[in-house]
Amino acid sequence: MGQLEGRVALVTGGSDGIGRGIAEAFLREGAKVAISGRSPDKAAKTIDELGAGEDLVFVQADASSSEHAGRAVDGCLERFGRLDILVNNVGGASSQFGLVHELTDAGWDDGIKLNLYSAFWTTRRALPSMLDCGWGRIINISSVNAIKGQFGQTNYSAAKAGMAGFSKALAQEVVKKGVTVNTVSPGYVETDLVMAIRAEVREQIIASIPMGRLARPDEVAAVVAFLASEEAGYITGANISVNGGMHMM
């Protein structure tokens, strides 16, 4: 019997990369899982490859929209009747990066909405179900860029730093109500996005990691699965870095 047997989870941006790794880890531990995302085709491929049958469902939703964020939660509740674990994983590189003095309002908003507002909107919709049950796990996926920043990506870096602060404040609101809230901050992970970076740039990134390699999605997922379990019930308000030793100094 897995450590998440009988639990229901929603993983936003769960069709690929870290989100897919998390969904797979949850299924392996016995949970029923809803994944949300923009692309039905990508989700269909993931569902087929994971082979979880009725224990895995896709809800099409654009997390940068308040209405769609609520749709992801509602889809999970309609399918499984409850929601115990929420992983706010969706996020990533905005199409509108740039130096601050060149960044438009739309470009700033694009990065903040996708990476921070999405977590707020989805959490706001999911919390009532958890509070009614007196049990819940919220895990927000931040980034190493929340610590070190990223040149030309102030909107992304600010949003990911904001997610860590959001988690700590929310953890205080619900600490006596059976709900824990934690952050996981990955470094560079073997995702399609990272592997699409030019080889010479990717090698520079790897050289900056003390462990000398990129993380695998399942290594991040293992930390998330633990935080979702009963065994992690005394951990809340924490931010766990999974970054191969970056920023140890």
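Among Tyr117, Tyr156, Tyr188, Tyr234, which comes first, second and so on when ranked by fewest other beta-carbon atoms within 10 Å?
Lowest to highest Cβ neighbour count: Tyr234, Tyr117, Tyr188, Tyr156.
Once every DSSP H run of n ≥ 4 in the chain is given -39500 (n - 2.57) and the sum is divided by its residues, what mean residue ellipticity at 222 nm do you get, rounded to the nearest 500 deg cm²/dmol?
Helices in the chain give a 222 nm mean residue ellipticity of -13500 deg cm²/dmol.
Please list, in order along region 55-67, the HN-Hα scalar couplings obtained from phi with the Karplus expression 6.51 cos²θ - 1.76 cosθ + 1.60 (θ = phi - 60°), rounded to whole Hz, x for Gly and Pro.
7, 10, 9, 10, 10, 6, 7, 9, 5, 7, 10, 4, 4
Estimate the FRET efficiency between Glu54 and Lys177 by the formula 1/(1 + (r/R0)^6), using the beta-carbon distance for r and 22 Å for R0, to the nearest 0.05.
So the FRET efficiency works out to roughly 0.10.
Sequence gap at least 6, Cα distance under 8 Å: using those rules, report the relative contact order of the chain to the nearest whole percent.
This gives 19 percent for the chain.
Taking all pairs of different Cα atoms in region 119-203, averaging 1/r and flipping that mean, what Kirkwood radius in angstroms comes out?
Evaluated on region 119-203, it is 14.5 Å.
Hey, what did region 61-182 get for relative contact order, percent, Cα under 8 Å, at least 6 apart?
Result for region 61-182 is 29 percent.
Which whole-Hz ³J(HN,Hα) couplings does region 159-172 yield from phi under the Karplus relation 6.51 cos²θ - 1.76 cosθ + 1.60, θ = phi - 60°, glycine and proline marked x?
5, 5, 5, x, 5, 5, x, 4, 4, 5, 5, 5, 4, 5
Please give the helix 217-227 orientation as an angle from the longest Cα principal axis of the chain, in degrees from 0 to 90, rounded to the nearest 10.
The angle comes out near 50 degrees.
Just from the alpha-carbon atoms, what are the Rg and Dmax of the chain in angstroms?
In Å, with Rg to one decimal and Dmax whole: 17.1, 55.
How high is the relative contact order of region 138-200? Use alpha-carbon pairs under 8 Å, at least six apart in sequence, and give a whole percent.
About 43 percent, as a whole number.
With +1 on the Cβ of every Lys and Arg and -1 on the Cβ of every Asp and Glu, and nothing else charged, how large is the dipole of region 45-135 about its Cα centre, in debye rounded to the nearest 20?
Charge dipole, region 45-135, about its Cα centre: 200 debye, nearest 20.
Once phi is turned into θ = phi - 60°, what whole-Hz ³J(HN,Hα) does the Karplus curve with 6.51, -1.76 and 1.60 give for every residue of region 16-33, x standing for Gly and Pro?
Along region 16-33, the couplings run 7, x, 4, x, 5, x, 5, 4, 5, 5, 5, 4, 5, 8, x, 7, 8, 10 Hz.
Throughout, read-outs are computed from the coordinates displayed, never taken from laboratory work. Please read all numbers here as calculations on a predicted model, not as lab measurements. Every residue, glycine among them, receives a Cβ derived from its backbone with ideal geometry; neighbour counts consider all protein chains shown.
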